[in-house]
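Asker: Below is one structure. I have some questions about it.
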Amino acid sequence: MVNILVIQPGFPNEVPYFVRGLARQGAAVYGIGDQPPQAIPEPARAALRDYLQVPNLWKREAVIPALRQWRPDLKIHRIECFWEAAMELAADLREAFKIPGLSPKKTRGFRDKHVMRQLLNQAGVRNPRQAKAESYAQIEQALAHTGYPAIVKPVAGAGSADTYRLNSPEDFEKVKPALKKIQSVVVEEFVTGTEYTFDTISVNGRILFANVERYVPTMLLARSQEHISPMTISLRDLSAPHFQEARKMCETALDTLGLERGFAHMEWFHTDKGEVVFGEIAARPPGGDAGMLMNYTCDFDVYNAYAEAMVHGRINQNIERKYNVAVIFKRAKGNGRISRIEGLVPFRQKWGAHILKEDLLPVGAKRRNWRQTLLSDGYIMLRHPDLATTLEIAGDVADHITLYA
Ligand SMILES: Nc1ncnc2c1ncn2[C@@H]1O[C@H](COP(=O)(O)OP(=O)(O)O)[C@@H](O)[C@H]1O
Ligand SMILES: [Mg+2]
């Protein structure tokens, strides 16, 4: 039996389902985290053989000895981590306990956007021009290398936080105060085009399952303009040449960075000129409800498929891509509490058969901070086998459903 230690098995939202999947596939699953056991959502709690709660996950000097003393007879075979913030911790624990998987050195290729680009450039992957900078002077030098428009982002960013598009030297002056708090940034040539993900489950360096999502609009626009209703669309048909090119590029990225097994979440662009350009990579499943999107795309259980791959080295289910699945996030007009929602009734009348989920904040609820969470004031999820129709229905959600606060 394989003994798997999962870091923070109750977080983020879909992790408990992956944990349950691992147990269902016959692994003995253990957890370590800083959540009290009763705070761990049920699908994970019931699946865990045992759980070690530590007061502070970020204190290696305490976490490592605590884990050593916890169950001296337990031989851990694998450490899994689905949470971006704990990737380095997972790698340090693997190193301390001599467990295979991503090492601290390899982890840098996934966490440091400059190291990632350097390694991938060497492998011939098409990256945007890029330079690292740690002062205003260095940013200016880097801008001379990339040209305008450019993008400036933290070396180890996430969720488009502190990420800025610069169209001119004046824009640089404008964002200077905001950049002050960030120690290291990367400056990149700005890539214009459609943004996609390429999400994979692999074993022994072979991709067993891949899923592609399209972001409408790009994540940066979605995260910086409140009036937009951002959409993520999990795509049914991946036969177009640019998807095949992206697959090859992503395979090269996985090989180069050395992710032999587990989930990877990559982002890439299809430019207006038809070029395929690498965005970034993370060694975990995509966030949000991406697992749910995959499940509704293929009518299968990705949590289980992932676990089967990890425990048995294969995925036995026959996976057929049946639907495009769209999730559209809404942001209310106004501040404070939701006062009314318009457009829902006619929308349901027209498209009811294709709606999977409505999870908008109810009247009376306080608005969420859209800058902190893509979830915003809620979402509508739908699916349709035809992409143009999917986009039409999603467009209706964006344009004709309005929350007021
Ligand atoms: N070189 C680039 N050209 C155009 N857009 C970019 C570029 N780099 C990042 N972006 C935009 O910024 C978003 C966030 O950047 P990303 O590198 O994915 O960092 P993270 O998601 O870790 O914050 C991307 O999803 C994309 O929309
Ligand atoms: Mg990203």
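Since every read-out is calculated from the coordinates, none of them should be taken as a lab result. Computed from a predicted model, the values in this text were never measured in an experiment. A quick note on method: Cβ atoms are made from the backbone with ideal geometry, for glycine too, and the neighbour counts reach across all protein chains shown.
Asker: Roughly how many nanometres apart are two label points built 7 Å out from the Cα toward the Cβ at Ser135 and Asp255?
Answerer: 4.1 nm
Asker: A follow-up question, please. Go ahead and estimate [θ] at 222 nm for the chain from helices alone: -39,500 (n - 2.57) per DSSP H run with n ≥ 4, summed, over the residue count, rounded to 500.
Answerer: Value at 222 nm, helices only, nearest 500: -10000 deg cm²/dmol.
Asker: Can you tell me the dipole magnitude for the chain around its Cα centre, using point charges on the Cβ only (Lys, Arg +1; Asp, Glu -1), in Debye to the nearest 20?
Answerer: On the way: 52 positive and 46 negative charges, 167 e Å.
About 800 debye.
Asker: Give the residue from Ala253, Val302, Val397 lying farthest towards the positive end of the charge dipole for segment 193-404; charges sit on Cβ (+1 for Lys and Arg, -1 for Asp and Glu) and the dipole is referred to the Cα centre.
Answerer: Farthest towards the positive end: Val397.
Asker: Starting from the 7 Å offset along Cα-to-Cβ, what nm value, one decimal, do you get for the label separation of Glu358 and Ser224?
Answerer: Reported label-point gap for Glu358 and Ser224 is 3.4 nm.
Asker: Once R0 is set to 41 Å, what does the formula 1/(1 + (r/R0)^6) return for the Cβ-Cβ distance between Glu342 and Ala240, expressed as a FRET efficiency to the nearest 0.05?
Answerer: For R0 = 41 Å, the calculated efficiency reads 0.65.
Asker: If a paramagnetic tag sat 7 Å from the Cα of Leu387 along the Cα-Cβ line, which residues of segment 191-207 would have the backbone N under 15 Å from that point?
Answerer: 194-198
Asker: Go through segment 153-161 residue by residue and turn each phi into a ³J(HN,Hα) via Karplus (6.51, -1.76, 1.60, θ = phi - 60°); whole Hz please, and just put x for glycine and proline.
Answerer: So the Karplus estimates, Gly and Pro as x, are 8, x, 4, 10, x, 7, x, 6, 5 Hz.
Asker: Next up: Take segment 193-404, compute every pairwise Cα distance, and split them into 10 Å bins from 0; I just need the percent in each bin.
Answerer: With 10 Å bins starting at 0, P(r) equals 8, 32, 34, 19, 6, 0.
Asker: With a 10 Å Cβ neighbour count serving as the proxy for reagent exposure, in which order, fewest first, do Val187, Val311, Val54 appear?
Answerer: Ascending Cβ contact count within 10 Å gives the list Val54, Val311, Val187.
Asker: If you don't mind, another one. Just need the relative contact order of the chain here, percent rounded to a whole number, with Cα pairs under 8 Å and 6+ apart.
Answerer: It comes to 14 percent, rounded to a whole number.
Asker: Let me ask something additional. Where in segment 23-80 are there trypsin sites (Lys or Arg not before Pro) that are in a DSSP coil and have at most 14 other Cβ atoms within 10 angstrom of their Cβ?
Answerer: Loop-located and lightly packed - Lys59, Lys75.
Asker: Something else: What is the dipole size for segment 193-404, taken about its Cα centre, with +1 at each Lys and Arg Cβ and -1 at each Asp and Glu Cβ, in debye to the nearest 20?
Answerer: So the magnitude is around 740 debye.
Asker: Based on the Cα gyration tensor of the chain, what are the three equivalent ellipsoid semi-axes, each the root of five times an eigenvalue, rounded to whole Å and given largest first? Don't skip to the end; give the middle numbers.
Answerer: Working: eigenvalues 207, 162, 102 Å².
After scaling each eigenvalue by five and taking roots: 32, 28, 23 Å.
Asker: Quick check: residue separation of Lys176 and Val54 times 0.36 nm, minus the Cα distance between them. What number comes out in nm?
Answerer: 40.0 nm
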